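Below: the structure, in structure tokens.
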Amino acid sequence: MMLRAQMRMAWVMGLVLAVVSAAGWPAAVLAQDEAAPADGDAVVVKADAQGKGVMGLSESEAPLDLQMDFQQMVHYWKIAKFDLARKFAQAVVQANPEPTLLLRLVEHPEVGYVLMSQMAGAEDTELAEVARRLLATTDEGIMIKRKDVDRMLEALKALDTNERSYQINLRKLQLSGEYAVPPALGLLAEASEAALHDDILRALKDIDRPVVYPLVVALETTDKDLKLKIIDLLGKLGYKMALPALKAQIESADQPEDVKKAAAAAMTAIDGPAALQKSAAQLYGELAEALYYNKITTVSDPKRPTTDVWGWSAETRLTYRPAPTEVVNEILAARCCELGLRASPDSPELVALWLSIQAQMNFELAMAGENAKNPWAPADVPTTEFFLRSAGQQYLNHVLDRALRDHRVEVADQAIRALSEVVNQDFLGTSSALKEGSPLIRALEYPNRRIRFNAAFAIVACMPRKPFFGSDRVVPVLAEAVNLETGRGVLIVDADENSRNALTGEFRKAGWNVSAAANGNDGVSLARTMPRIDSVVLATNVDNVAYTEVIQLLRTDFATALVPIVVVSGQDERVPFSFLKENVKYIDSVPAGSTAGDIMQKTTALLVEAGTVDLAPEQSKAVALRGAENLKLVAGSRLSFTADAARGALLVAAAGKNQELAIVAMEALIPLADDEIQQQLAEVALAEGAPKPIQIAALNAIAQTARHIGNKLTSASVTTLMKKIETETDNDIRDAVGTVLGALDLEAKLSSQLIREHAVE
């Protein structure tokens, strides 16, 4: 037994040494004071004869315990002992190593960034999280190393030793990339360092693209000789990003002729002679657009939370400040617009683009967190909202037009909100500058509900009294807003009764309001009368009206033009479904025989695509109430359109559970009064258990409608009202009933009856 135990111990020791050696850790450093522990336990290691730890660093460079913990973390990761790898990784984190020190450990030949990245993607979530923290610290170490000015100056000054030295130091400078430009320009500006200039310029060219952006910014320098060197270098580098700044040098009255001549030569080298034909403002606009649409970028690592943005000042010269990575392109694009406006102050295109960029950046900064900001913006700069409102309607129209075309919902929303405060009806018509007419009207048909609702609110806010194209779209959108409180609605059109009933049941279980039809004609009729329709499920088996015609009719009706349609089967010999999908928005298909779950999943996907996903409950309440208030305003005003199309939505809201919405809806119905409205108001007022505020609001609305159209109530309703006088104990409600009876102008004997019944004995 003893022999067997000794053999096992020897085997374990051999295994540990073999694994560690295979992993690249020298067996010599595993000198131990005692026998090896059981497999899976940590190995206690001391410094070697040279006083270095297992990672090859001295105690003064890195604590031996830290080296050991890091080595063990890697070792156990490699042999898939993830629980132990996690234990030692946590120990490394707790040691809180300096970023540059951790970088040295990660840069060990047998570790590397790739291995750490693999660990950060481990299935063990705790280990992955710790590894990600270590990687983040390592990244900090890389950035510190990249930005080490002394290191860069040493490399720059050693470039001219010989070709081998040049290549070694070039690699150091390439690691620094853009950060090598400031110390390089510092040396280039010194006449005493003239012997280094050619090699420095060569190195900057070999670093290539990373240096272009700071070099372009450095054209702000007033040092003529340095500017000439930068211009020549930009021409040799050949990146179009430099064209606007070079053309600005040519157009500047302050620049000497040799600078202008050099700039022209550089532009020709970059993009041929045609580049000279464009103005600086035009070139800045093109560059701003390319940045805004992310066609080009200066961001080297999109995963980093911040990216440095370069700037120039007389005091600090070329410098950089960190900005949220998400907005770096917007910051640069906005700067291009500003420089373009400096060259051409009367450029409306640049103003409109700048506003669009600011709106996008406003959104991105909000998403990045409350502390996120543009580091180059002055402390007292006005808000984006200020700039949008003060820009006026013409510019805002262009901002909204661009946002709708780009499908940038947040930019469109900000533009519409600004328009709601400044727009007048003259800007609801077609603008000669915009190809597709008023963007505010087009916004009424935008897939995203928030955009549609806010566009309708903005149009009502300007109280248009002149007819305008698209006015018929406003009220249906307001009705859609009111209907948010009614719950989602789906129309099912299927000739198969069993399938239709089964699908109806499943949608109702999921909380949908369902309307169902067996043929196409009934389906279209139902679609036009449903209080709220969010989706259509249409089977190809329908008759009377073919499913393709049903689709056409739905899409030509404004109320259903954007409603997602799920076609069951999607097979048709005359019109292949693939053609429909290519030519009709928000439509998709499922095979015949698909489960209700599959159909509902497809419906949900289309809702997301169309931007018609339900708002949060509180948002829905607020939007519905605002929609009702707008309809009340429309109904009671002499605008160029009426609230008639919202009649059904208002009736549903008036009978709904949301008291605040119901009361506003009843008030909006008064100017639309007809027999049905008056009677339904009576049913609301007389409903058993109706809250007092609802009763009084409905009774007051009945009295108001009676003044307009007289008594249109059924005799049964009148009788119930008269009985309510006798039974009602609440004086406020009884007073309201009395007002109704008076407004209805009933028989004269009623007054006598009321007096006699309630006279004091």
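The values are calculated or read from the model by the stated rules, or taken from the named source; none is laboratory data. As the structure is a prediction and not an experimental result, all values here were calculated from the model. Note: ideal-geometry Cβ built from the backbone for every residue, glycine included; neighbour counts use all protein chains shown.
Just checking, which of Val74, Val111 is in contact with a His (Cβ under 9 Å, 6 or more places away or on another chain) and over 23 Å from Pro305 (Cα atoms)? After ruling out the rest, the residue left standing is Val74.
When each of Ala673, Ala668, Ala649, Ala643 is tested for being of a type in the set (A, V, I, L, M), within 24 Å of Val536 (Cβ to Cβ) and outside the structural domain of Trp512 (by TED's automatic domain parsing), the lone residue that passes is Ala649. With respect to (1) at pLDDT below 90; (2) buried (at least 19 other Cβ atoms within 10 Å of the Cβ); (3) more than 29 Å from Gly636 (Cα to Cα), the lone exception for Ser431 is condition (2). Criterion applied to Asp308, Asp301, Asp380 was being at negative phi and crowded, with 17+ Cβ neighbours inside 10 Å, and the one residue passing it is Asp308.
Look through Leu159, Leu173, Leu134 and report the one residue that is free of Cβ contacts under 8 Å to residues at least 40 places away in the same chain, of a type outside the set (Asp, Glu) and in contact with a Leu (Cβ under 9 Å, 6 or more places away or on another chain). Step through it out loud before you land on a result.
Numbers: Leu159 fails: free of Cβ contacts under 8 Å to residues at least 40 places away in the same chain; Leu134 fails: free of Cβ contacts under 8 Å to residues at least 40 places away in the same chain.
Answer to the check: Leu173.
Could you list, in sequence order, the residues of segment 298-347 that are assigned to a loop (DSSP other than H, G, I, E, B) and hydrophobic (A, V, I, L, M, F, W, C)? Even if it seems obvious, please write down each step before you answer.
Step one: filter segment 298-347 for residues assigned to a loop (DSSP other than H, G, I, E, B), giving 298-305, 314-316, 344-347.
Of everything in segment 298-347, those that are assigned to a loop (DSSP other than H, G, I, E, B) and hydrophobic (A, V, I, L, M, F, W, C) turn out to be Val299, Ala314.
Within segment 690-701, if we keep just the residues that are surrounded by 21 or more Cβ atoms within 10 Å (Cβ to Cβ) and among the small types (Gly, Ala, Ser), the residue that is farthest from Glu660 (Cα to Cα) turns out to be Ala701.
If the condition is being of a type in the set (D, E, K, R) and in contact with a Lys or Arg (Cβ under 8 Å, 6 or more places away or on another chain), then segment 456-492 contributes Arg465, Glu480, Glu485, Arg488.
Among the residues making up segment 657-689, those that are surrounded by fewer than 16 Cβ atoms within 10 Å (Cβ to Cβ) and part of a loop (DSSP other than H, G, I, E, B) are Lys657, Asp674, Ala687, Glu688, Gly689. Determine whether segment 368-377 contains at least one residue that is among the polar types (S, T, N, Q) and under 30 Å from Ile250 (Cβ atoms). Yes, that holds for at least one residue. Given the criteria hydroxyl-bearing (Ser, Thr, Tyr) and in contact (Cβ under 8 Å) with a residue 24 or more places away in the chain, does Thr719 qualify? No.
Conditions tested, residue by residue: (1) of a type in the set (Ser, Thr, Tyr); (2) within 21 Å of His407 (Cβ to Cβ); (3) crowded, with 16+ Cβ neighbours inside 10 Å.
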site: Ile451; (1), (2), (3): no, yes, yes
site: Pro467; (1), (2), (3): no, no, no
site: Ser471; (1), (2), (3): yes, no, yes
site: Asp496; (1), (2), (3): no, no, no
site: Arg508; (1), (2), (3): no, no, no
site: Ala527; (1), (2), (3): no, no, yes
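Looking at Arg317, Arg408, Arg335, Arg321, just one residue is more than 30 Å from Leu215 (Cα to Cα) and either of a type in the set (Lys, Arg) or surrounded by fewer than 13 Cβ atoms within 10 Å (Cβ to Cβ) (or both), and that residue is Arg408. Ala706 meets all of the listed conditions (1) within 47 Å of the chain's Cα centre (by Cα); (2) not in a loop (DSSP other than H, G, I, E, B) but one, namely (1). A single entry from Thr161, Thr137 fulfils the requirement of being hydroxyl-bearing (Ser, Thr, Tyr) and assigned to a loop (DSSP other than H, G, I, E, B): Thr161. Please determine, by comparing only the residues of segment 595-639 that are closer than 11 Å to Val460 by Cβ and not in a helix (DSSP H, G or I), which one is farthest from the chain's Cα centre (by Cα). Filtering segment 595-639 for residues that are closer than 11 Å to Val460 by Cβ and not in a helix (DSSP H, G or I), the one farthest from the chain's Cα centre (by Cα) comes out as Ser637.
The single condition from (1) part of a helix (DSSP H, G or I); (2) at pLDDT below 90; (3) of a type outside the set (Lys, Arg) that Phe468 fails is (1).
Quickly run through segment 101-128 and pick out the residues that are assigned to a helix (DSSP H, G or I) and buried (at least 16 other Cβ atoms within 10 Å of the Cβ). Walk me through it before giving the result.
Filtering segment 101-128 down to residues assigned to a helix (DSSP H, G or I) leaves 101-106, 112-120, 125-128.
Leu101, Leu102, Leu103, Arg104, Leu105, Val106, Leu115, Met116, Met119, Ala120, Leu127, Ala128 - these are the residues of segment 101-128 that are assigned to a helix (DSSP H, G or I) and buried (at least 16 other Cβ atoms within 10 Å of the Cβ).
The number of residues in segment 717-757 being under 19 Å from Pro691 (Cα atoms), modelled with pLDDT of 85 or more and either basic (Lys, Arg) or surrounded by 15 or more Cβ atoms within 10 Å (Cβ to Cβ) (or both) comes to 13.
I'd like to know if segment 487-501 contains one or more residues that are assigned to a helix (DSSP H, G or I), under 27 Å from Asn658 (Cα atoms) and under 36 Å from the mean Cα position of the chain (by Cα).
Of segment 487-501, the ones assigned to a helix (DSSP H, G or I) are 497-501.
Adding the requirement that they be under 27 Å from Asn658 (Cα atoms) leaves none.
Within segment 487-501, not a single residue is assigned to a helix (DSSP H, G or I), under 27 Å from Asn658 (Cα atoms) and under 36 Å from the mean Cα position of the chain (by Cα).
Given (1) at negative phi; (2) in contact with a helix residue (DSSP H, G or I) (Cβ under 8 Å, 6 or more places away or on another chain), identify the lone condition not met by Gly392. Only one criterion is unmet by Gly392, namely (1).
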